[in-house]
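One structure is given below, encoded as structure tokens.
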Amino acid sequence: MTDTTTAPAVEREAAPVHVTAALIRVMADVGAVGKEGYNQQQGFNFRGIDAVMKAVHPALVRHGVLVTPDLKSVTYDAATTRSGGNLTLCRVVVAFVFTGPAGDRIAATVAAEAMDSGDKATAKAMSVAFRTALIQSLTMPTDEPDPDATVYDVAAPQQVNTTTGEVGPDPVAALRAAMEAATTVAALRKVYETHYVGRAPENIRAEFQARYEAVKASEGAEAGDPDPDATAAAENAGEAAGGDAG
């Protein structure tokens, strides 16, 4: 079967136009591209790279514009699906260079990322980057919600406690909150043990010592001179914190 599809004619002028002028002509020819793709797993429509390319390619050829990628950086991370499968996360920064009929150039640099369970993460990330560069460089209408239309309530960052190996909220923030909530020497002693203050950085131990001294002074002002036997354990905890800080 013979393919009768003909390539777009290339416009030729006596004096080739600057690349920016050529891109403006491409913009005038392309217009908007709708979301023709559909993600079956997550149930949303998307604008695929093929749809963008089908819309842009004829105009680029017609006006003599060449696009070439220049990979600036690429990083990889491992991820896990909810079912326990392995994923590769690829992040790229790519400069797409538009060369006009006169040979002059202009570049659009974009960042993109993609995941894949096989060996396609890089290819996917590059495709996303190219689609983004074309849409933004040619100011193609997308009919997408404005980013300001959505607000996210971000949870406290999850970090690894280097002492226990447990994953949880920022340990320093959690320690400071516990110190602030502790209003007695006994409560601070519990904080000291629970949050491993003795193994904390020097500045954190100093904060604990200052808080301990303040609470200790407050308890003494309220109850008069404390009984040495009744506060011996708390005194020891405070001395331990001070010793570690030194």
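Just so it is clear, none of the values below were taken in a lab; they were calculated from the coordinates. Please read all numbers here as calculations on a predicted model, not as lab measurements. Cβ sites come from the backbone with ideal geometry, for glycine too, and all protein chains shown count toward neighbours.
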When F208, F98, F130 are arranged by how many other beta-carbons sit within 10 Å of their Cβ, fewest first, they go F130, F98, F208
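Determine, for D77, D116, the number of other Cβ atoms within 10 Å of each Cβ, and report the residues in order from fewest to most. Don't skip to the answer; put the middle values down first.
On the way: D77 12, D116 15.
Taking fewest neighbouring Cβ atoms as first place, the list is D77, D116.
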